[in-house]
Structure formats: C-alpha cells, structure tokens
Amino acid sequence: MGLDHTLDEQEPQHQRRIRYKGTHPKNFKEKYKELHPEQYADDVAKIIQKGNTPAGMHISICVKEILKFLQITPGQTGLDATLGYGGHTLEMLKCLDSKGHLYSIDVDPIELPRTKDRLERLGYGSEILEIKQMNFSQIDQVASEPGSFNFVLADLGVSSMQIDNPERGFSFKAEGLLDLRLNPQKGESAASRLKEMTLDDLQDMLIEYADEPHSRPIARAIISNIKKGIDIATTTQLRNIIEDALKSIPQITEDEIKKSCQRSFQALRIDINNELDVLDEFLEKLPDVLAKGGRVAILSFHSGEDRRVKKSFKHFFREGVYREIAPDPIRPSAEECHVNSRARSAKLRWAIKA
Ligand SMILES: C[S@@+](CC[C@H](N)C(=O)[O-])C[C@H]1O[C@@H](n2cnc3c(N)ncnc32)[C@H](O)[C@@H]1O
C-alpha cells in the first residue's frame with residue numbers, strides 16, 4: 001500500500017468554530033485555522049509559499065538530506081526520537097512502504113495526541129507505527145521491544161506549534177504564563193525556577209545555553225525584581241524586565257534587544273528541560289540501540305547541541321563503535337532557508353554503527 005499523503009491533505013471535519021468578536025480571531029483559542037491547519041490546505045499552502053510557517057504546524061527541516069543518508073528500506077525498524085508534528089515520521093513511513101516498523105516518541109503530552117491522530121487518519125496505525133510519550137534519554141527502553149534499530153533520527157529543540165502556542169510560554173512575542181516546559185505535567189515551570197536561581201546561576205545559564213552577550217545586566221535585573229518580591233509569572237513580564245535592563249546600554253538597537261530576549265528565553269528553555277543532559281544520555285545510549293550498520297542522523301539548532309553531537313560521534317568513531325561519521329555538518333540549502341527561516345541555524349550530523 002503506497003500511502004502518498006502529506007499531513008495537511010486531510011478531509012475537513014465538521015467541527016464548530018469558536019466564536020470571536022470582530023473580523024479576525026484575536027486570541028490563540030479563537031484561531032481555528034492555527035489549531036486545525038490540516039483543514040485549511042489552501043491557506044496553509046499560501047503561507048508556506050510566502051516563506052512563513054503556518055501557525056499550528058511545523059515544516060520539517062532537511063528532509064531530503066536525512067532520507068538520502070538514512071537509506072530506509074521496506075522491512076526495517078526505525079526510531080524517530082522527536083515526533084513533533086510528524087513530518088519526518090511521515091516521510092520515513094513512506095520509505096517503509098507498509099513493511100517494517102517505526103517507533104516515534106516525544107516528551108510533549110499536548111502535541112503528541114494531535115500528531116498521533118493526524119497520522120492515524122492517514123492510515124498509519126499501530127501495525128506500522130508505535131507512538132509513545134517518552135524522553136529520548138530513555139531510548140534503551142524503547143529499544144527493548146524491537147532489540148535494535150536500523151535507523152534513528154533526532155530533530156532537536158522545539159516545534160513551531162510549541163513556540164506558537166502562547167499558553168506554553170516559549171515565546172517572548174506573545175503574552176502567556178512563563179512555563180517553557182516541553183512536558184508541562186512534570187518538573188517546575190520557568191517562573192518557579194527563576195525564584196531559586198542566584199545571580200551567578202542566571203548569568204552562567206545565559207552564557208552557557210545562549211552565548212548571551214548582555215548576561216550580567218539581564219541576570220541582575222531579574223534578581224533585583226525577584227528580591228523586590230515581584231513574581232515574574234508571565235512572558236511579557238520577563239520580556240519587559242530584559243528590555244528595561246538593556247535600554248540604558250549606549251547605542252544598543254531595538255534589534256539587539258529583541259535578540260537578547262530571544263536568547264534569554266532559549267537559555268531558560270534549555271535549563272528548564274535539562275536539554276543538554278538528556279542529549280548526553282541519548283548520545284551515550286545510541287550505539288547500544290543501533291543494529292550493525294544502523295544509521296543515525298541528528299539535527300541540532302545551536303552550538304551547545306552540535307558540539308555534544310560532534311564530540312560523541314568522534315569519541316565512538318575513535319573507539320571503533322561507529323564505522324563512519326559525518327566529516328562536517330550538512331547545512332540546509334539556501335533554497336530551504338529561504339522558504340523556511342527556521343532552518344537557518346540547523347546542522348545535520350550522522351554516524352553509521354560498525
Ligand atoms: C523540532 S521538533 C521535531 C519536529 C519533527 N521532526 C517534525 O518533522 O514535525 C522537536 C520535538 O522534539 C521534542 N523533544 C525535545 N526534547 C525531547 C526529548 N528529550 N525527548 C523526546 N522528545 C523531545 C519536542 O517536544 C518537539 O516536539
């Protein structure tokens with residue numbers, strides 16, 4: 001059976017739209033198109049053509065390059081360690097051509113059921129695709145069922161749906177609770193984490209996870225607000241604090257301030273979700289879950305991640321565990337970056353198990 005579908009090619013469902021005042025929906029819950037992009041294929045195609053990502057969906061990055069490297073053949077068993085919107089999963093399923101098995105995991109309990117539902121509606125049920133809510137640091141547990149994988153993909157970071165949903169608190173651009181957890185059912189929110197951090201903790205976090213050049217004034221402003229008893233509970237509150245802290249720097253531009261906001265939110269997200277530690281655990285366990293000749297591809301989006309992937313691949317290559325590794329990272333084409341600006345910082349590295 002050749003299921004030649006894309007995730008936005010589905011039958012519209014007869015669901016009532018949420019009512020809103022005025023000519024356009026204003027808040028996220030009213031934005032019926034963003035919440036159900038698969039039902040508005042024409043609008044979605046127009047937005048993508050203009051080089052934007054329609055809110056509520058995610059455009060997969062380096063798909064061609066990843067598939068070219070993974071060389072998936074029908075009958076194989078694979079793992080998508082970061083399911084997200086399911087774009088890569090769908091392309092890998094097409095390569096399996098209904099033979100073999102794909103495991104797809106994600107930590108996010110909010111987006112995961114939506115993606116599972118979309119893929120099921122395309123005909124990909126449990127006979128070929130197993131979707132589990134898990135952290136990729138537990139790949140050894142996922143592998144315990146099939147024994148090993150012929151191919152593994154990890155597309156690190158956050159999806160566009162997570163960033164676009166103001167209730168998740170990932171973006172400084174939209175008002176929302178300062179949460180930033182990939183799994184909001186576990187651990188503590190960014191708002192509560194900030195209350196526990198010292199000036200040095202904050203500064204180190206901003207430098208280590210985002211190379212923030214204005215780490216000191218930002219950290220000082222956050223701590224000073226907390227000491228005054230101010231609860232930094234929302235994205236806008238944090239953004240205002242960062243902006244106020246940087247405005248007095250001579251010759252600083254609006255654009256630089258915006259970038260500092262973006263980097264500070266990224267650093268906080270990495271910290272809250274322990275992203276680098278779980279990546280280390282994943283990289284350490286990878287060789288044991290790959291079959292002989294098994295292939296792994298990892299897409300990373302900032303230097304801290306790429307450094308770890310490169311170091312781990314080199315280490316296991318020297319030990320003879322990987323027989324071949326990417327000599328240099330593969331970058332998305334200029335054409336892809338033009339169509340999808342979120343691809344610009346992507347680096348793809350790969351390894352083949354000996
Ligand atoms: C860039 S998106 C993946 C997009 C996906 N490849 C697609 O084509 O739609 C990254 C996803 O990885 C998930 N994620 C991040 N860290 C994770 C972890 N440690 N374990 C499992 N999933 C994780 C995020 O929740 C997010 O859904």
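Every number here is computed from the coordinates shown, using simple stated rules; none is lab data. Computed from a predicted model, the values in this text were never measured in an experiment. Note: ideal-geometry Cβ built from the backbone for every residue, glycine included; neighbour counts use all protein chains shown.
With r as the distance between the Cβ atoms of I249 and E120 and R0 = 51 Å, compute the FRET efficiency 1/(1 + (r/R0)^6) and round to 0.05.
Step by step, r from the Cβ atoms, then E = 0.50.
To the nearest µm²/s, what D does Stokes-Einstein give for segment 263-309 at 10 °C and 1.306 mPa s, using the Kirkwood radius over alpha carbon pairs as Rh?
Approximately 132 µm²/s, per Stokes-Einstein.
So what is the 222 nm mean residue ellipticity for the chain from helices alone, if each DSSP H run of at least 4 adds -39500 (n - 2.57) and you divide by all residues, rounding to the nearest 500 deg cm²/dmol?
-13000 deg cm²/dmol
Exceeding 21 Å between C-alpha atoms, which entries from my cross-link table qualify? They are K195/K247; K186/K227; K64/K314; K94/K116.
Listed pairs above 21 Å: K195/K247; K186/K227; K64/K314.
Which trypsin sites (Lys or Arg not before Pro) in segment 118-186 pass both tests, a DSSP loop state and at most 12 other beta-carbon atoms within 10 Å?
Passing both the DSSP loop test and the Cβ count: K186.
Please order S171, S260, S303 by the number of other Cβ within 10 Å, starting at the fewest.
Least crowded to most crowded, the residues run S303, S171, S260.
Using a Gaussian network for the chain with springs between C-alpha atoms less than 10 Å apart, which of these wobbles most: Y85, Y209, Y124?
Among Y85, Y209, Y124, the largest GNM mean-square fluctuation belongs to Y124.
Taking the chain as the reference, fit the longest principal axis to its C-alpha atoms, fit the long axis of helix 303-318 to the helix C-alpha atoms, and give the angle between the two in degrees, 0 to 90, nearest 10.
Taking Cα atoms only, the helix is inclined about 40 degrees.
Could you line up H315, H88 from fewest to most neighbouring Cβ atoms inside 10 Å?
Fewest to most other Cβ atoms nearby, the residues stand as H315, H88.
In whole Å, what three semi-axes, largest first, describe the equivalent ellipsoid of the chain built from its Cα gyration tensor (square root of 5 times each eigenvalue)?
Semi-axes from the Cα gyration tensor: 34, 27, 18 Å.
Given +1 on the Cβ of Lys and Arg, -1 on the Cβ of Asp and Glu, and no further charges, what dipole in debye does the chain carry about its Cα centre, rounded to the nearest 20?
Computed about the Cα centre, the dipole is about 540 debye.
Could you give the distance between the Cα centres of segment 261-319 and segment 139-168, to the whole Å?
Going from one Cα centre to the other spans 12 Å.
Ranked by Cβ crowding within 10 angstrom, fewest neighbours first, how are L283, L268 ordered?
L283, L268
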